[in-house]
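A.B. asks: Here it is, the structure in full.
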Amino acid sequence: MPTALAVFVATLPLVFLPGNDDPSSLPQAVWLQVGTAFLWLVGLMGSRQFRTSVVSRILAPGTAVLAWLALSMFWATDLYASQRTLLRWGSAFGLTVLISVTVESLSQARGLLLSVFWTSVAVSVLGLLQYFWGFDLVPQSYPPGGTLGNRNVAAEFVVAGAVSGALGLFLPIGTIQLFSLMAGSAVALAFVLHSDCRGAWVALIVQWVGITALLPSGRLVPRWTFVRALAVMFGASIFAALATIETTMARTDRPGAEQLLTGATRPLARLLEVRRLPPMTPLSRPPRSAPSGASPSVSGSGGTRSR
């Protein structure tokens, strides 16, 4: 069951349907609802012993959120959108409860986190292909969004999943797995950089503040060795290469936006972007006083006319 959950969670963000009016969000929502119901059915029919004691910690807040969503439908302006939101959030809460009562060991939890991590790396790779070379397999509403169709949604998901790769510095893992985690983290971080989503950067900073806060408590102990230092430098070199590569895709997807800078200074310029005001036009001078004896005149768009 934990393996099936890991595969299901890993495939959720990768489902898309080209040619549909909603090629990403709708297929992923359907897959979430159908897959969650199927996994619950398999778990119940298999007479599996669930860890019901864990449910009490998340049941009350989750039920409160769903109850508020159901209550808000009474004054919603779009009843269909409210029902769709309630169904999606209810399915996500059902999946959360299923994971909580199924995952029993640290190794199972680690496998689930790694599945989310590699899915975020896959979304990042596809997003970078869209950004650098205009890869258009997945229709985009706000590129580059990977398989999620929107750069902000994709960046937020990548930040949530990629933190598992950085935690590899604190776990006793093999050399190959460590180098692969650093490489995947570098790809994910490069995608977040090019996605131009400042909210994702805020979330990333909050994550590392939380990790740093756990260091004095001894819950996270960095295992620094020469091999781990090499792995960090390997990931940093991949990130530097992806951060400075020149794009071949015209960046005109924003309304009224000018084409962004290319080359090594482009990512830094986007992070430190300053909104400049349009150049000011000089004020028009008042009309000169008419000479004595001449009739005064007024200057306007239609020329000069006598009063």
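The values are calculated or read from the model by the stated rules, or taken from the named source; none is laboratory data. Fair warning: this is a prediction, and the values are worked out from it, not measured in the lab. Heads up, the Cβs are rebuilt from the backbone with ideal geometry, glycines too, and the neighbour counts pull from every protein chain shown.
A.B. asks: Look at region 53-102 and say how many of its residues are modelled with pLDDT under 85 and over 25 Å from V30 (Cβ atoms).
C.D. replies: Here the count works out to 7.
A.B. asks: Do the conditions hold for F50, that is, is it modelled with pLDDT of 85 or more and in a loop (DSSP other than H, G, I, E, B)? Spell out how you get there, then give the answer.
C.D. replies: Details: modelled with pLDDT of 85 or more: no; in a loop (DSSP other than H, G, I, E, B): yes.
Against the criterion (modelled with pLDDT of 85 or more and in a loop (DSSP other than H, G, I, E, B)), F50 does not qualify.
A.B. asks: Just wondering, is there one or more residues in region 119-139 that are at pLDDT below 85, of a type outside the set (S, T, Y) and within 17 Å of the chain's Cα centre (by Cα)?
C.D. replies: yes
A.B. asks: Would you check if there is a residue in region 65-85 being under 16 Å from F8 (Cα atoms) and buried (at least 17 other Cβ atoms within 10 Å of the Cβ)?
C.D. replies: Taking every residue of region 65-85 in turn, none turns out to be under 16 Å from F8 (Cα atoms) and buried (at least 17 other Cβ atoms within 10 Å of the Cβ).
A.B. asks: Whether any residue in region 67-74 is in a helix (DSSP H, G or I) and touching a Leu at 6+ places or on another chain (Cβ under 8 Å) is what I want to check.
C.D. replies: Checked against the condition, which is being in a helix (DSSP H, G or I) and touching a Leu at 6+ places or on another chain (Cβ under 8 Å), region 67-74 yields at least one hit.
A.B. asks: Suppose we keep only residues that are surrounded by fewer than 16 Cβ atoms within 10 Å (Cβ to Cβ) and of a type in the set (S, T, N, Q) within region 163-204. Which one would you say is nearest to the chain's Cα centre (by Cα)?
C.D. replies: Q177
A.B. asks: Residue by residue through region 5-36, note down the ones that are out of contact with any Phe, Trp or Tyr (no Cβ under 7 Å at 6 or more places or on another chain), buried (at least 19 other Cβ atoms within 10 Å of the Cβ) and assigned to a loop (DSSP other than H, G, I, E, B).
C.D. replies: F16
A.B. asks: Consider region 103-126. How many of its residues are part of a loop (DSSP other than H, G, I, E, B) and surrounded by fewer than 20 Cβ atoms within 10 Å (Cβ to Cβ)?
C.D. replies: 2
A.B. asks: In the set L242, L261, L178, which member is closer than 28 Å to Q140 by Cα and modelled with pLDDT of 80 or more?
C.D. replies: The unique qualifying residue is L242.
A.B. asks: Answer yes or no as to whether A122 is in the same structural domain as L14 (by TED's automatic domain parsing) and either out of contact with any Asp or Glu (no Cβ under 9 Å at 6 or more places or on another chain) or in contact (Cβ under 8 Å) with a residue 12 or more places away in the chain (or both).
C.D. replies: Taking the combined requirement at face value, the residue does not satisfy it.
A.B. asks: May I pose another question? Which of the helices (runs of 4 or more DSSP H) contained wholly in region 127-233 include at least 2 residues that are closer than 16 Å to F117 by Cβ and touching a residue at least 60 places away in the same chain (Cβ under 8 Å)? Outline the logic, then answer.
C.D. replies: Working: elements: 151-166, 175-195, 198-214.
Hits in region 127-233: 175-195.
A.B. asks: So is A155 farther than 19 Å from A6 by Cα and either touching a helix residue (DSSP H, G or I) at 6+ places or on another chain (Cβ under 8 Å) or acidic (D, E) (or both) or not? So that I can check it myself, show each step before the final result.
C.D. replies: Numbers: farther than 19 Å from A6 by Cα: yes; either touching a helix residue (DSSP H, G or I) at 6+ places or on another chain (Cβ under 8 Å) or acidic (D, E) (or both): yes.
Criteria met by A155.
A.B. asks: S100 passes all but one of (1) assigned to a helix (DSSP H, G or I); (2) within 19 Å of the chain's Cα centre (by Cα); which number fails?
C.D. replies: Checking S100 against (1) assigned to a helix (DSSP H, G or I); (2) within 19 Å of the chain's Cα centre (by Cα), the one that fails is (2).
A.B. asks: Could you say whether any residue in region 92-110 is of a type in the set (F, W, Y) and farther than 28 Å from D196 by Cβ?
C.D. replies: yes
A.B. asks: Among the residues that make up region 214-223, is at least one of them over 30 Å from P18 (Cβ atoms), in the same structural domain as A240 (by TED's automatic domain parsing), of a type in the set (D, E, K, R) and touching a helix residue (DSSP H, G or I) at 6+ places or on another chain (Cβ under 7 Å)? Give the derivation first.
C.D. replies: Keep residues of region 214-223 that are over 30 Å from P18 (Cβ atoms), which gives 214-223.
With the extra rule that they be in the same structural domain as A240 (by TED's automatic domain parsing), the set shrinks to 214-223.
Keeping just the survivors that are of a type in the set (D, E, K, R) gives 219, 223.
Now drop any that are not touching a helix residue (DSSP H, G or I) at 6+ places or on another chain (Cβ under 7 Å), which leaves 223.
There is at least one residue in region 214-223 that is over 30 Å from P18 (Cβ atoms), in the same structural domain as A240 (by TED's automatic domain parsing), of a type in the set (D, E, K, R) and touching a helix residue (DSSP H, G or I) at 6+ places or on another chain (Cβ under 7 Å).
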